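To start, the structure itself, in structure tokens.
No lab work stands behind these numbers, since they all come straight from the coordinates. For clarity, every value in this text was computed on a predicted model and none was experimentally measured. Cβ placement follows ideal geometry from the backbone for every residue including glycine, while neighbour counts extend to all protein chains displayed.
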Amino acid sequence: MNISLLFRKHTPLSEDGLPWLDAGEVYPFPAKRNPTGAVRISAILVRSLLSILKGYVLEARCDGDFVAAYVKSRSTPGSAWCLWSEGDLLIPHGSNDKLPYHVGILAMIQALRNPSHACDLLESYLVLLERFKDIGMDEALLPELVKVADELYYYFRFGDALPVEANDRLFGVRVKTPEGRSSLLETWSLLDLLPLNHPSELKHVLKRESPPAIAGSLLPIPVQPPQVIFKPEHPKGFVGPQLAALTEACQAGENILLGGPTGSGKTFCFQQVAQVLGRTVIAIEGKEGLLDLDFLGAILPKPDGSRSWIDGPLSRAIRLAWEERILLFIDEINRIPQKQINLLLTAMNRKPGIFCRMLGMDVNDRLDFYVMEIPMTSEILACPAANLQIVVAGNFGRNYSVYTLDPALRRRFETVIEFDYLEPSQEADLLIERIPALSPKVVEALVDMAQETRRMLANGELPGCIDTGSLLHWAEKCCRHTSVTLPAIMQDARLTWADLVCGRDHVGRINEGNFKALEDYLKSLGIL
């Protein structure tokens, strides 16, 4: 299901009788689970609430967790069924490109079906309902209506779980028309709809679902947050504790620095976490000679001969992060020239919303923002700081560094995760998992050799070592060549890692002394 369809409208809801509510505005009345503190309302979910408040939901039924509602049309005569069943939203005139207001009604029916899982939504709706009974659909209702619409969004998308992509229950849900389904509903149980329109009935529902009081104590019973279960989708994923640490930091919205030697899995680990979280990723590959065009953007010619500004990855990330959560991944950050690093340093300087308003920006003064000016066009880009998360990776040892990391930039990262090569047993398991046809003796020999090169590098005896990626390439080549003898395995070593690990002499040949020493070490193990 395309969530962005909920927020397609960006104008006042005048045709709905709410000229004082603007779907393009940001309001400071967030749901409890909203981490940004700001609300950009969904016109579709507001229409859902209007239909419920005006009594347009005529009947509701359920079958386990499946729910259905018989709804009076808001625009044409007649009524129709809508269903949330078996991973599908079956809605009149609905499709994967169109979301009618029935989606919010079904979410509210599901909340009424499971009130203990929707306390935040139902409690805020009770406040809205009581105010609506007192003053009608008046402009004074705006704070309550915005908050309930935001609560409805979080419940619709995440149920009672934490609002992270791993818990998105709308992932893969299809939107269809409910053709031929209404006859199936006769066997479903009827739901009492009185709580949706009578505050006293809703209070009874919430009272029945509240936790029991503790005798002699005014403290509430602590409620444990729902556990987020990280489930990598790829069975041959990253191995190491960094996976859980990176997942937790991404879910917390922190900026993250990944450090460690080349080939230790920094980029692979990030790619796996980003895939599972399902966020939009914008990537910058660090390199010498990086230009503003590669980082910020530039004015470029168009086919018709005119010229226009084209966003680079940093500008594009900030622009997209105005409305959605973006992961900006910068690999090999230590290879980026200082000029471009200064752009990043400036962009990562959080500015309070009240200060942004003093600069003439129309933003919520309760939030912090990232702000960046494009020098060539004088355009000022901004986004809520909570929406743009920056993850960088680098190899910071003397053998790798091109530019040192500015201490001021380093302090912008709340989490630093260190990567290293795997333990011998983990590395052996990785080879067996990836290349099951490889002989166990060859696995043992290759892993022992890799560990020895890392020891020798640490002692200054070699210019390089066998990283995990090179070890996998070596193992794959040995498997293809059915190499099981020492000469054959070392010949495959020449074709993979010999130059990196052994170095070259003054005329450019592989250092044969270092290579022979490694061959003798492998021979001394007596494995082959």
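Just a few scattered comments:
- Distant-in-sequence amide H partners of Ile330 (H built 1.01 Å from N, under 5 Å): Ile284, Val391, Val392, Ala393
- The distance between label points at Arg319 and Glu433 comes to 4.0 nm (points 7 Å beyond Cα on the Cα→Cβ vector).
- Computed 3J(HN,Hα) for segment 132-149, one whole-Hz value per residue from the Karplus formula 6.51 cos²θ - 1.76 cosθ + 1.60 where θ = phi - 60°, is 4, 5, 7, 10, x, 7, 9, 4, 5, 7, 3, x, 5, 5, 5, 5, 5, 4, glycine and proline marked x.
- Angle of helix 440-458 to the longest C-alpha principal axis of the chain, folded into 0 to 90 degrees and rounded to 10: 80°.
- Mean separation of Cα contacts under 8 Å, 6 or more apart, over the residue count of segment 3-209: relative contact order %: 24
- Inter-label distance, nm, simple model (7 Å from Cα along the C-beta direction), Arg307/Thr404: 3.9
- Modelled spin-label separation between Met137 and Thr346, with each label point placed 7 Å from Cα along the Cα-to-Cβ direction: 4.7 nm.
- Proximal charge balance of Asp150 [Cβ under 12 Å; K/R count +1, D/E count -1]: +2
- Amide H contacts of Thr280 (H built 1.01 Å from N, in plane; Pro and chain starts excluded): Leu327 sit under 5 Å, all sequence-distant by 5 or more or on other chains.
- Straightening the chain between Glu373 and Asp97 buys 95.9 nm, computed as 0.36 nm per residue apart minus the Cα-Cα spacing.
- Proximity of backbone amide H atoms, modeled 1.01 Å from N, is registered between Lys176 and Leu89, Leu90, Ile91 at under 5 Å, excluding neighbours fewer than 5 places apart on the same chain.
- For segment 266-360: relative contact order, % (alpha-carbon pairs under 8 angstrom, 6 or more apart): 33
- Test item: Cα-centred dipole of segment 3-209, Lys/Arg +1 and Asp/Glu -1 on Cβ, debye: 160
- Cα-based shape type of segment 3-209, given that a ≥ b ≥ c are square roots of the gyration tensor eigenvalues and the cut on a/c is 1.5: rounded
- Packing order of peptides 94-105, 431-442, highest average first: 94-105, 431-442 (average count of other Cβ atoms within 10 Å over each peptide's residues).
- Within-13-Å neighbourhood charge of Trp309 [Cβ basis; K, R +1; D, E -1]: 0
- Think of each Lys and Arg Cβ as +1 and each Asp and Glu Cβ as -1; about the Cα centre, that makes the dipole of segment 345-407 roughly 220 debye.
- With contacts taken as Cα pairs under 8 Å and at least 6 residues apart, the chain reaches a relative contact order of 11 percent.
- Förster-model FRET efficiency, 60 Å R0, Leu190 and Asp499, C-beta, rounded to 0.05: 0.20
- Helix 424-434 axis, angle to the chain major axis (alpha carbon atoms, nearest 10°): 70
- Cβ-Cβ distance of Phe396 and Glu130, R₀ of 41 Å, FRET efficiency by 1/(1 + (r/R0)^6): the value works out to about 0.10.
- Highest average first, the peptides 493-504, 352-363 ordered by how many other beta carbon atoms sit within 10 Å of their residues are 493-504, 352-363.
- Between the C-alpha center of segment 430-504 and that of segment 14-59 there is a gap of 60 Å.
- Alpha-carbon centroid distance for the pair segment 239-293 / segment 73-93, whole angstrom: 42
- Couplings 3J(HN,Hα) of segment 70-80, computed from phi: 9, 10, 6, 5, 7, 10, 10, x, x, 9, 7 Hz, in residue order, whole Hz [Karplus 6.51 cos²θ - 1.76 cosθ + 1.60, θ = phi - 60°; x for Gly and Pro].
- Here the dipole of the chain is about 400 debye; that uses its Cα centre as origin and unit charges on the Cβ of Lys and Arg (positive) and Asp and Glu (negative).
- Percent of beta bridges antiparallel (DSSP, the chain, rounded to nearest 5): 60
- Ranked packing of 285-294, 194-203, 310-319, most packed first, by mean Cβ within 10 Å: 310-319, 194-203, 285-294
- Residue (of Ala107, Thr177, Ala60) at the positive-pole extreme of segment 3-209, dipole from beta-carbon charges: Thr177
- Counting charges near Ala393 (Lys, Arg +1; Asp, Glu -1) among other residues having Cβ under 12 Å from its Cβ returns a value of -2.
- Computed from Cα atoms, the angle from the helix 102-113 axis to the main principal axis of the chain rounds to 90 degrees.
- Note on Lys203: lysines with a C-alpha under 22 Å away, same-chain residues under 8 apart excluded, are Lys32, Lys54, Lys133, Lys147.
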